[in-house]
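The values are calculated or read from the model by the stated rules, or taken from the named source; none is laboratory data. All figures in this text were calculated on a predicted structure; none of them were measured in a lab. When we count neighbours, we look across all protein chains shown, and the Cβ atoms used for this are built from the backbone with ideal geometry, even at glycine. Calculation scope for accessible area: heavy atoms of the full protein, side chains included, ligands and nucleic acids excluded. Shrake-Rupley method; radii C 1.70, N 1.55, O 1.52, S 1.80 Å.
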Amino acid sequence: MTTAAIVLLLVTFAAAVTDVRTHRIPNVLTGFAAVAAIAISALSGPTAVLTCVVVMIAAFVAGSIAFSAGWLGGGDVKLIAACCGFAGFPGAVSLVLSILIAGAVLALVTAAARGRLVALVRSTA
């Protein structure tokens with residue numbers, strides 16, 4: 001397992017624990033993740049750093065659109081952007097698709113557990 005993968009797993013675990021407990025993802029955690037992604041990519045040279053930064057910016061812009069639509073929280077957007085820095089390109093595309101699928105499954109399970117699955121499906125359609 002690479003250093004980037006290990007840091008990514010630790011950051012996402014810490015974010016999940018904090019989010020479950022407080023319903024927030026701390027800026028300090030997402031800031032650390034972004035800086036760590038850039039630092040790790042710096043080991044591979046300036047092109048890797050540029051790719052890392054561009055991928056994080058693209059993920060942040062796309063996430064901001066999702067935030068504006070009410071689909072994601074602000075902490076989620078920042079965390080996804082930082083995580084995309086670890087994944088690089090094209091890995092960030094797979095990462096974001098996996099996050100979207102996991103989020104959809106979680107929404108369905110949560111709605112079913114709360115007896116709101118039919119309402120969720122109707123409102124989505």
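The table for this structure:
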read-out: Residue in region 8-28 that is at pLDDT below 95, in a loop (DSSP other than H, G, I, E, B) and over 14 Å from the mean Cα position of the chain (by Cα) present; value: yes
read-out: Region 63-85, subset more than 11 Å from the chain's Cα centre (by Cα) and in a helix (DSSP H, G or I), residue surrounded by the fewest Cβ atoms within 10 Å (Cβ to Cβ); value: 68
read-out: Qualifying residue in region 51-58 (condition: open to solvent by 70 Å² or more (accessible area, probe 1.4 Å) and either in a helix (DSSP H, G or I) or touching a Ser or Thr at 6+ places or on another chain (Cβ under 8 Å) (or both)); value: yes
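Residues are listed down the side, and each one gets a yes or a no for (1) among the hydroxyl-bearing types (Ser, Thr, Tyr); (2) in contact with a helix residue (DSSP H, G or I) (Cβ under 8 Å, 6 or more places away or on another chain):
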| residue | (1), (2) |
| --- | --- |
| 20 | no, no |
| 63 | no, yes |
| 68 | yes, no |
| 102 | no, no |
